[in-house]
Amino acid sequence: MSKSLDELFDRILRSKIFKNRELLRPDYIPDELPHRENQILSLAKILAPALQGERPSNVFLYGLTGTGKTAVTRHVLKAIKERRRPDLNLTTIYINCRHDDTNYRVLARLCEEINVNVPFTGLATAEVFRRFREGAEKLQGIIIVVLDEIDALVKKSGDDVLYKLTRIHTELKKTKICIIGITNDLKFTDYLSARVRSTLGEEELVFPPYTAPELEDILKMRARDAFKPRVLEEGVIKLCAALAAKEHGDARRALDLLRIAGEIAEREGMDKVTINHVKKAHREIERDRVVEVLKTLPLHSKVVVLSIYLLNKAGKTKATTGEVYGMYRSLCNRLRLDELTQRRVSDLINELDMLGIINAKVISKGRYGRTKIVKLSISEKSLREGLLEDEFLSRALG
């Protein structure tokens, strides 16, 4: 091993910064969740009937990213499982619909969690559902299913599986199933059919964004056990909280900022985390966030971004939606893709605008009416990094 690597590893192993960095990970669930007492109590009241062997109401949790929806859900479910009667069979199943984003995958995961074998692919969805229903009935208890980022499933695959799950209790005699849907999309119910909306949203809880002082409290609580004593320079936690509060009160962002600032200080061999380290962490996270968003975009959204980029490169730094659609059609032809309608592409442009990938602004052209001007809001480096991994699109990027 080279001397430089030895020195690097020794520096990390003898860290002057961290005591336990895992406490700063967003997926770590602490025993206390500051400033979410009302939501914890409300969710606990909804789910409490499970302790008596009764089916709780289905519930929707709404709120922007990093507002504590998943943490509160896991916290309450853990407490319920600890208080259940020994004779009560209570099963909790957590599914992230960003990863399992088709009806088949969701049903396959449900089967897997109750030890029902189904192949990764190949069966009809109706058959997988039948096997889940039969397996659930054998449990003779309560099943609480958490569908996190449920909007990703519905937008990609529709709400058919949700319809089946919300009606399943009419087919079961010995087992009761409750659904908890978690979404960042406050307009999510617009995507649901009326038949699903009424049964899935029996109860609703809204999680407001954290304020800067609330984020400070969260960071101070985590930092106590995550960092070694007197490592954080004064103002570090306040700056992390302020930057995250500007990003819609995102606790995940605040925790990531603090952790990455500490890791930068550690890599530099410092014994203090300074405000300058927080600024470096903020720049690093911003770049990574854009790249990650680009990588996870649906194919046609990527083609729209690519169309705007190619127009910008050709000197059209403020392209109209018509020009974007023209380039989009040209790319679809080159890539042998079935093109979407102009109206659907206009919807994709609006979605990309909301994500901050592009800037779409309506301008007036007097008696010629109004038009939308579109331009990229990200760097070429981030765009290439985010799209080049897609071999299908890398041909068009050149």
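A short reminder: the numbers here are calculations on the coordinates, not readings from a lab. Values in this document were obtained by computation on a predicted structure and should not be read as measured data. So basically every Cβ, Gly included, is an ideal-geometry build from the backbone, and we count neighbours across all protein chains shown.
Below is a table of values for the structure above.
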read-out: Stokes-Einstein translational diffusion, segment 297-397 - Kirkwood Rh over all Cα pairs, 0.890 mPa s, 25 °C, in µm²/s; value: 179 µm²/s
read-out: Percent RCO, i.e. relative contact order, over the chain, from Cα pairs under 8 Å lying at least 6 residues apart; value: 18 percent
read-out: Which label in [x] 5, 25, 35, 25, 9, 1; [y] 5, 20, 23, 15, 10, 8, 7, 5, 3, 2, 0; [z] 4, 18, 23, 24, 20, 8, 1, 0 gives the computed P(r) over Cα pairs in 10 Å bins from 0, in percent; value: [z]
read-out: Segment 25-75 versus segment 118-172: alpha-carbon centroid distance in Å; value: 22 Å
read-out: Radius ratio Rg over Rh of segment 37-207, counting only Cα atoms, Kirkwood formula for Rh; value: 0.94
read-out: Listed residue (His35, Leu376, Ser330) projecting farthest to the positive dipole end of the chain, Cβ model; value: Ser330
read-out: Span per principal axis, largest first, for the Cα atoms of segment 179-278 (Å); value: 59, 24, 23
read-out: Between segment 261-285 and segment 291-368, the Cα center-to-center distance that results, in Å; value: 36 Å
read-out: Given charges at beta-carbon only (K, R positive; D, E negative), |dipole| of the chain in Debye; value: 800 debye
read-out: For peptides 216-227, 340-351, 102-113, sequence by mean Cβ density within 10 Å, most packed first; value: 102-113, 216-227, 340-351
read-out: Cβ-based net charge around Glu127, under 12 Å, with every Lys or Arg adding one and every Asp or Glu removing one; value: +2
read-out: Order of Val278, Val59 under a 10 Å beta carbon neighbour criterion, fewest first; value: Val59, Val278
